[in-house]
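Q: Below: one structure in structure tokens.
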Amino acid sequence: MSMSEDTQVFNNLLMLAVENGASDIHVKSNKPAYLRLHGHLEPVDMDPLAVPQILRFIESICPGQFFDRWEEENQIDFSYKLEDVGRFRVNAFYQRGTPSIVFRHVKDKPPSFEDLQHDPEVFREMAGHKDGILLICGATGSGKSSTLAAMLNFINHNYDRHVVTLEDPIEFTFSDVKCVFNQREIGIDTPSFAAGMRSVLRQDPDVILIGEMRDKETFNTALSAAETGHYVFSTLHSSNAQQAVQRIFEFYPPDEHAGLRRQVASALRATVTQKLVPALEGLGRVPVVEVFVVEGLARSAITEGAFEKIPSVIEAGTDMGSKSFNADLYRLIREGKITKQTGLAFSPNPKALEMNLKGIFLSTGGIVS
């Protein structure tokens, strides 16, 4: 099979994935491909993909500046655009000595909060800050990038800002509306996150997007940017707000934590942790979020290092904009977007959610109905 024929096989696979609404495409040597549809992996009815086919395809689409890294490290991230079909985030890697690829379909048009079925009021308030750090948290594949894109899309239509993004690779692309966007891809426009962050403050940004908080150096630069009047967005792998805050401190040795707690308490505006849960039959998945707005009690808890208080601070901070997972599950059930059974299955506290659905709510002052 020629290289052009290999390319057509993969392009047909990507077209099939987009037509069926797949979020990801999994390619493994000597196996047929799999599509992730509504969170589930489904096999494609096709011939197994041979090792030479996969290697020739990777070689044909890998940007030239990345090819040496692919040969040296046996893994690479880049983006691939198929005309009239869409853009894909590509991760090529070896496993057990043979090549595999995972494609993530990235929709060019940034979504709105309504498109994602988020509660818009929760996010509009957070979008308006002029400085600080906002972290979107969750597991891989939980929709963090889409939520960040919706935040930037809202800012683009409502505020005049210079937005600089550092992404690996670029996912959603933005057209300038009220904002001016400069989107920089790691490995193409700048050699690394660290190098991009070192120069970003000289580019007169108002808003900085860092694709992922990965290490102490990146977070230090983000803190410095936040403290000098910039608004920094990024993502973090964590399952809830308490874990997200603790993860920040894991970048640093314990002897630096005391001073860092004051800095984080001052700079952090909020964490938004999200999960994707099954929507009503046949309607895909919708995000459920926990929002931790850092004001008052929240700032004190971080400054004191009393991270175990964060869940109760969220429960007590609804007037500040905080929201528990249960509160958002309750909203989704009441709006008819998920079933009660789904809500209870994904709830961190199903007994409390069951009470909420019966009209009974616990407040700091006792039970209210």
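Q: With respect to Lys351, determine if the residue is over 17 Å from Gln242 (Cα atoms), surrounded by fewer than 20 Cβ atoms within 10 Å (Cβ to Cβ) and either touching a Pro at 6+ places or on another chain (Cβ under 6 Å) or charged (D, E, K, R) (or both).
A: yes
Q: Starting from the stretch 147-164, take each residue that is farther than 13 Å from Gln183 by Cβ and list its partners that are among the polar types (S, T, N, Q), counting only C-beta distances under 7 angstrom and pairs at least six apart or across chains.
A: Final answer for the pair search is Thr147/Gln274; Ala150/Ser112; Asn153/Ser112.
Q: So, one more: Regarding Val27, is this residue in contact with a helix residue (DSSP H, G or I) (Cβ under 9 Å, 6 or more places away or on another chain), at pLDDT 95 or above and surrounded by 12 or more Cβ atoms within 10 Å (Cβ to Cβ)?
A: Spelling it out, Val27 is indeed in contact with a helix residue (DSSP H, G or I) (Cβ under 9 Å, 6 or more places away or on another chain), at pLDDT 95 or above and surrounded by 12 or more Cβ atoms within 10 Å (Cβ to Cβ).
Q: Going by the conditions given, is Glu304 surrounded by fewer than 13 Cβ atoms within 10 Å (Cβ to Cβ) and at pLDDT 95 or above?
A: yes
Q: Within the stretch 329-346, can you find the residues that are among the small types (Gly, Ala, Ser) and out of contact with any strand residue (DSSP E or B) (no Cβ under 9 Å at 6 or more places or on another chain)?
A: Result: Gly336, single match.
Q: Say whether the condition of being more than 30 Å from Phe346 (Cβ to Cβ) and surrounded by 21 or more Cβ atoms within 10 Å (Cβ to Cβ) is met by at least one residue in the stretch 104-113.
A: no
Q: Please determine whether any residue of the stretch 271-291 is assigned to a helix (DSSP H, G or I) and of a type outside the set (Phe, Trp, Tyr).
A: No.
Q: Please give the helices (runs of 4 or more DSSP H) falling wholly within the stretch 308-366 in which 2 or more residues are within 29 Å of Gly296 (Cα to Cα) and in contact with a Gly (Cβ under 9 Å, 6 or more places away or on another chain).
A: In the stretch 308-366, the matching helices (runs of 4 or more DSSP H) lie at 325-334, 350-357.
Q: What's the total number of residues in the stretch 51-76 that are loosely packed, with under 15 Cβ neighbours inside 10 Å, among the hydrophobic types (A, V, I, L, M, F, W, C) and in contact with a Ser or Thr (Cβ under 8 Å, 6 or more places away or on another chain)?
A: 1
Q: Residue by residue through the stretch 258-275, note down the ones that are modelled with pLDDT of 95 or more and hydrophobic (A, V, I, L, M, F, W, C).
A: Leu260, Val264, Ala265, Ala267, Leu268, Ala270, Val272
Q: So the check is Cβ under 9 Å with 6+ separation or different chains; which pairs have a first residue in the stretch 244-256 that's assigned by TED's automatic domain parsing to the domain that holds Lys144 and a second one that's among the small types (Gly, Ala, Ser)?
A: Close Cβ pairs (under 9 Å, with a partner that is among the small types (Gly, Ala, Ser)) amount to Ala244/Ser238; Val245/Ser238; Val245/Ala301; Gln246/Ser238; Arg247/Ser238; Phe249/Gly305.
Q: Return the residues of the stretch 93-110 that are in contact with a helix residue (DSSP H, G or I) (Cβ under 7 Å, 6 or more places away or on another chain) and either of a type in the set (A, V, I, L, M) or free of Cβ contacts under 8 Å to residues at least 60 places away in the same chain (or both); say none if nothing qualifies.
A: Correct list: Ile101 only.
Q: So, one more: Checking the condition in the same structural domain as Asp24 (by TED's automatic domain parsing), of a type in the set (A, V, I, L, M, F, W, C) and without any contact (Cβ under 8 Å) to a residue 24 or more places away in the chain, which residue from Phe67, Phe57 passes?
A: Sole residue among the options that is in the same structural domain as Asp24 (by TED's automatic domain parsing), of a type in the set (A, V, I, L, M, F, W, C) and without any contact (Cβ under 8 Å) to a residue 24 or more places away in the chain: Phe67.
Q: Something else now. In the stretch 24-37, which residue that is of a type outside the set (S, T, N, Q) and touching a Pro at 6+ places or on another chain (Cβ under 7 Å) is farthest from Leu13 (Cα to Cα)?
A: Among those that are of a type outside the set (S, T, N, Q) and touching a Pro at 6+ places or on another chain (Cβ under 7 Å), it is Lys31.
Q: Six or more apart or on different chains, Cβ under 9 Å: which pairs go from a residue in the stretch 185-207 that's closer than 18 Å to Thr228 by Cβ and part of a helix (DSSP H, G or I) to one that's modelled with pLDDT under 90 and among the aliphatic types (A, V, I, L, M)? Could you list them?
A: Gly196/Ile186
Q: Mind listing just one residue for me: the one in the stretch 77-86 that is surrounded by fewer than 19 Cβ atoms within 10 Å (Cβ to Cβ) and touching a residue at least 12 places away in the same chain (Cβ under 8 Å) and, of those, nearest to Asp6 (Cα to Cα)?
A: Filtering the stretch 77-86 for residues that are surrounded by fewer than 19 Cβ atoms within 10 Å (Cβ to Cβ) and touching a residue at least 12 places away in the same chain (Cβ under 8 Å), the one nearest to Asp6 (Cα to Cα) comes out as Leu82.
Q: OK, next. So, of the residues in the stretch 120-140 that are touching a helix residue (DSSP H, G or I) at 6+ places or on another chain (Cβ under 7 Å) and surrounded by fewer than 19 Cβ atoms within 10 Å (Cβ to Cβ), which turns out to be modelled with the highest pLDDT?
A: In this case the residue turns out to be Asp131.
Q: Still on this structure, please answer the following. For residues that are assigned to a loop (DSSP other than H, G, I, E, B) and of a type in the set (A, V, I, L, M, F, W, C), scanning just the stretch 150-179, find the one that is surrounded by the fewest Cβ atoms within 10 Å (Cβ to Cβ).
A: Ranking the candidates gives Val177 first.
The values are calculated or read from the model by the stated rules, or taken from the named source; none is laboratory data. Bear in mind the structure is a predicted one, so any value in this text is a computation, not a measurement. Quick reminder, even Gly has a Cβ in these numbers, built from the backbone with ideal geometry, and neighbours come from all protein chains shown.
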